[in-house]
Amino acid sequence: MLTVNTFYGITVDLSEEKVRDYAQDIPPYSSLARKLEEFTKLDAMYIRAFLNGRGYGNKLFTIRMLEAHGRSDQEKGFQFADLHGEKLVWSPAN
C-alpha cells in the first residue's frame with residue numbers, strides 16, 4: 001500500500017496493484033510521484049464537488065480515499081485487494 005498526501009486535503013491509499021498500473025505509462029509526467037499527484041488532484045476536485053453538492057462541504061476537513069479492487073462478503077463485509085509480491089491478499093476495508 002502506498003499513501004499519497006495531496007495538497008488538496010485528501011490522503012489517498014493506493015494498492016500495490018494500482019501503483020503498478022500507474023507506473024506503466026509515466027510520460028508526459030516527470031515521475032510516478034508527479035503522475036499520482038495529478039490523478040489525486042482530479043479525484044480530490046471530484047470528491048469535493050460531490051460532497052459540497054450533498055451538503056457535507058463545510059463539515060469535512062480531511063478525506064481519506066482508498067483506490068484498490070474490492071469486494072463485499074456477507075460474513076467479512078467490505079474488503080480490498082493488495083498485492084504482496086505476486087500474491088493477492090484481501091483485507092477488511094474498515
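Inspect all residues belonging to region 63-70 and state whether any of them is over 15 Å from MET1 (Cβ atoms) and either surrounded by 13 or more Cβ atoms within 10 Å (Cβ to Cβ) or in contact with a Ser or Thr (Cβ under 7 Å, 6 or more places away or on another chain) (or both).
yes
Among (1) surrounded by 10 or more Cβ atoms within 10 Å (Cβ to Cβ); (2) farther than 17 Å from ASP13 by Cβ; (3) small (Gly, Ala, Ser), which single condition is GLY55 missing?
Going through (1) surrounded by 10 or more Cβ atoms within 10 Å (Cβ to Cβ); (2) farther than 17 Å from ASP13 by Cβ; (3) small (Gly, Ala, Ser) one by one, GLY55 breaks only (1).
Being of a type in the set (A, V, I, L, M) and touching a helix residue (DSSP H, G or I) at 6+ places or on another chain (Cβ under 8 Å) is the filter; apply it to region 26-46 and report the residue that is least open to solvent (accessible area, probe 1.4 Å). I'd like the intermediate steps shown before the answer.
Within region 26-46, the first condition is being of a type in the set (A, V, I, L, M), and the residues that meet it are 26, 32-33, 36, 42, 44-45.
Subsequent filtering for residues that are touching a helix residue (DSSP H, G or I) at 6+ places or on another chain (Cβ under 8 Å) retains 26, 32, 36.
Values: ILE26: 39, LEU32: 49, LEU36: 8 Å².
Among residues in region 26-46 that are of a type in the set (A, V, I, L, M) and touching a helix residue (DSSP H, G or I) at 6+ places or on another chain (Cβ under 8 Å), the one least open to solvent (accessible area, probe 1.4 Å) is LEU36.
Run down ALA23, ALA49 and say which single residue is closer than 22 Å to ALA81 by Cβ, more than 13 Å from the chain's Cα centre (by Cα) and either surrounded by 12 or more Cβ atoms within 10 Å (Cβ to Cβ) or hydrophobic (A, V, I, L, M, F, W, C) (or both).
After ruling out the rest, the residue left standing is ALA23.
Every residue in region 71-84 that is out of contact with any Phe, Trp or Tyr (no Cβ under 9 Å at 6 or more places or on another chain) and open to solvent by 50 Å² or more (accessible area, probe 1.4 Å), please.
Passing the criteria: GLN74, GLU75, PHE78, HIS84.
Where in region 11-94 are there strands (runs of 3 or more DSSP E), lying wholly inside it, with at least 1 residues that are β-branched (Val, Ile, Thr)?
Numbers: elements: 63-67, 70-73, 77-84, 87-92.
Strands (runs of 3 or more DSSP E) meeting the threshold: 63-67, 87-92.
The values are calculated or read from the model by the stated rules, or taken from the named source; none is laboratory data. Because the structure is predicted, anything quoted here is derived from the model rather than measured. Note that each Cβ is placed from the backbone with ideal geometry, even for glycine, and that neighbours are counted across all protein chains shown. Accessible surface areas use protein heavy atoms only, side chains included; no ligands, DNA or RNA. Shrake-Rupley method; radii C 1.70, N 1.55, O 1.52, S 1.80 Å.
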